[in-house]
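These notes concern the structure reproduced below.
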Amino acid sequence: MTTVAEHAYMTGGMETVEAVVDAFAESGLRGQIAYGFADQNYPQMLRETVDSVLAKLDHLRAQVAPHAGMLKAGVGPNTLWGVSGPLYRIAGEYAAEHGLPMHCHVAETQLEVEYTLQHYGRRNVETLAEWGLLRTGMQMVHCVWLEGSEVALAAGSGAVMMHCPTSNMYLASGAAPAWEAQQQGMPVVLGTDGPASNNSQDMLETLKMAACLAKVTRLDPTVMPARDLLHMATLGAAEQLGLGDRCGSLTPGKVADLTRVDLRGLHCMPVHDPASSLVYNAQIGDVSDVWVEGRQLLRGGEGVHHDFAAEAARAQARIHVLQPVIRPWDDVRLKQEGLSAA
């Protein structure tokens, strides 16, 4: 659990792209950074032109290139609701030309599905398939409101579902059919979503939330077993990020990406099955040590190369510069006005 797939909204300009890449490189984490963008249905300050998007994608690739093996660029059209059909197709062509993954929010809300039905006459996954974008490298985030036929369509395409259970509950979006997708052969990996949509970036919490959400929606305590969840968070995720031959498991020839979790706390005792204890008992504070490519980043719960307390204080001191932005998907007027694409 040392690889991060990040959908970064970098509308601040090229300097923001550089800052995000530098932060990843400095952290020592392995990561995928998908440049996120929109050109409709968002506040004007967050909309971009085709030229702006392509320029920033070029810049992101150039910034990531020196960190090959650790960082990877991605193309992140936000949603079928926030990105027009022409820009979505151009983004898909760019991703195919440069061999980049597409990291997209798909069917996160009912509003998104209503929008695509009204404007394209199809549901989210059907629209992506019609545009030739349902393929290997397509990372579909959320997927809450997929119908069974969409899951079946996606299952054989090479696309992957990125399941964010905590975020989906936090925003009252709904429960993604992650278990059903797995049963139909569609790869499912786990994500936290961003801090604005979750608060916590705790993958151990995500493991438990994914398990419990699947059980309660299916009314079956046997679905989404602990070992399946650990696979989704480790080797399964590495494979879907194109890193399965490099990391994700303790295998000779792979790099040493390791996370040590201390299960000796009273809240974990007694440990009958380590996999079950990791999913249902362990907490973020139990993570004691982390190595990426053999370089230790966390030792005894403390940063080896970073002063976490100092960085937390620095972050707190910056809250006064944050400006509130009304999230357009919360604006019910859009729905009342007929889901205008203006």
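Send over a whole-number figure in Å² for the accessible area per residue of segment 121-261, probe 1.4 Å.
Per residue, segment 121-261 has 42 Å² of solvent-accessible surface.
So, with a 1.4 angstrom probe, what is the percent of accessible area on the chain that is carbon and sulfur?
The value for the chain is 55 percent carbon and sulfur by accessible area.
What are the residues whose amide H is under 5 Å from the amide H of Gln32, where those residues sit 5 or more places off or on another chain and H is modelled from the backbone?
Val4, Ala5, Glu6, Lys72
Just want the answer: with Cβ charges of +1 for Lys and Arg and -1 for Asp and Glu, which residue in Leu297, His119, Pro86 is farthest toward the dipole's positive end in the chain?
About the Cα centre, the residue reaching furthest to the positive side is Leu297.
Sort out for me the Cα centre separation of segment 261-308 from segment 173-191, rounded to whole Å.
One Cα centre to the other: 26 Å.
Subtract the Cα-Cα distance of Met169 and Glu130 from 0.36 nm times their separation in residues, and report this length gain in nm to one decimal.
Contour length minus Cα-Cα distance gives 11.0 nm.
Rg(Cα) of segment 1-149 divided by 2.2 N^0.38 Å?
This ratio for segment 1-149 stands at 1.03.
Along its principal axes, what span do the Cα atoms of the chain show, with the longest given first and each in whole Å?
56, 47, 42
In a Gaussian network model over the chain where Cα atoms closer than 10 Å are linked, find which of Gln183, Gln201, Gln139 has the largest mean-square fluctuation.
Top of the fluctuation ranking is Gln183.
Could you work out the relative contact order of segment 35-80, using alpha carbon pairs under 8 angstrom and six or more residues apart, expressed as a whole percent?
Relative contact order, segment 35-80: 49 percent.
Identify which of Pro225, Pro270, Pro77 has the largest mean-square fluctuation in a Gaussian network model of the chain, with springs joining Cα atoms closer than 10 Å.
Fluctuation is largest for Pro270.
Rounded to whole Hz and in sequence order, give me ³J(HN,Hα) for segment 246-254 from the Karplus expression 6.51 cos²θ - 1.76 cosθ + 1.60, θ = phi - 60°, writing x for Gly and Pro.
Using θ = phi - 60°, the values come out as 10, 7, x, 8, 8, 10, x, x, 8 Hz.
How compact is segment 160-233 by the rule of thumb for globular proteins, expressed as Cα Rg over 2.2 N^0.38 Å?
Relative to the 2.2 N^0.38 Å estimate, segment 160-233 comes out at 1.00.
Pop the C-beta distance of Arg295 and His267 into the FRET formula with R0 = 30 Å and round what comes out to the nearest 0.05. Could the numbers behind the result be given before it?
Numbers: r = 30 Å, r/R0 = 1.00.
Working from the Cβ atoms, E equals 0.50.
Would you mind getting me the FRET efficiency between Asp307 and Gln184? Use the beta-carbon distance for r and R0 = 56 Å, nearest 0.05.
Taking R0 as 56 Å, the efficiency between Asp307 and Gln184 is 0.75.
Whole-Hz Karplus ³J(HN,Hα) for segment 132-142, in order, using 6.51 cos²θ - 1.76 cosθ + 1.60 and θ = phi - 60°, x for Gly and Pro?
In residue order, the calculated couplings are x, 9, 8, 7, 4, x, 7, 9, 9, 8, 5 Hz.
Pick out, from Cys212, Ala312, Thr16, the residue whose Cα sits farthest towards the positive end of the charge dipole of the chain, with +1 on the Cβ of Lys and Arg and -1 on the Cβ of Asp and Glu.
The Cα lying farthest towards the positive end belongs to Cys212.
Is it possible to state the helix-based mean residue ellipticity at 222 nm for the chain, with each DSSP H run of 4+ residues giving -39500 (n - 2.57), the sum divided by total residues, to the nearest 500 deg cm²/dmol? What is it?
Counting only the DSSP helices, I get -11000 deg cm²/dmol.
Below 8 Å between Cα atoms, with a sequence gap of 6+, how large is the relative contact order for the chain in percent?
On the way: 566 pairs, mean separation 40.2, N = 342.
Once normalised by length, the contact order is 12 percent.
With only Lys, Arg, Asp and Glu charged, each at its Cβ (+1 for the first two, -1 for the last two), find how big the charge dipole of the chain is about the Cα centre; round to the nearest 20 debye.
300 debye
Aspartates and glutamates near Lys56 by alpha-carbon distance under 17 Å, same-chain residues fewer than 8 away left out - which ones?
Within the straight-line cut-off, Lys56 pairs with Glu6, Glu15, Glu18, Asp22, Asp39, Glu48, Glu93, Glu97.
Can you tell me the relative contact order of segment 74-201? Whole percent, Cα pairs under 8 Å, sequence separation 6 or more.
Across segment 74-201, relative contact order equals 20 percent.
Work out the FRET efficiency for Val50 and Glu15 from their Cβ-Cβ distance, taking R0 = 30 Å, and round it to the nearest 0.05. Provide the component values of the computation, followed by the final result.
On the way: r = 21 Å, r/R0 = 0.70.
Given R0 = 30 Å and the Cβ-Cβ separation, E is 0.90.
What is the sum of charges, Lys and Arg at +1 and Asp and Glu at -1, for the other residues whose Cβ falls under 14 Å from the Cβ of Leu153?
Residues near Leu153 contribute -2 overall.
The values are calculated or read from the model by the stated rules, or taken from the named source; none is laboratory data. Not measured: the values here are computed from a predicted model. Here Cβ is always computed from backbone atoms with ideal geometry, including for glycine, and neighbour counts include all displayed protein chains. The protein model used for the area step is the full one, side chains on, heavy atoms only, and it has no ligands, DNA or RNA in it. Shrake-Rupley method; radii C 1.70, N 1.55, O 1.52, S 1.80 Å.
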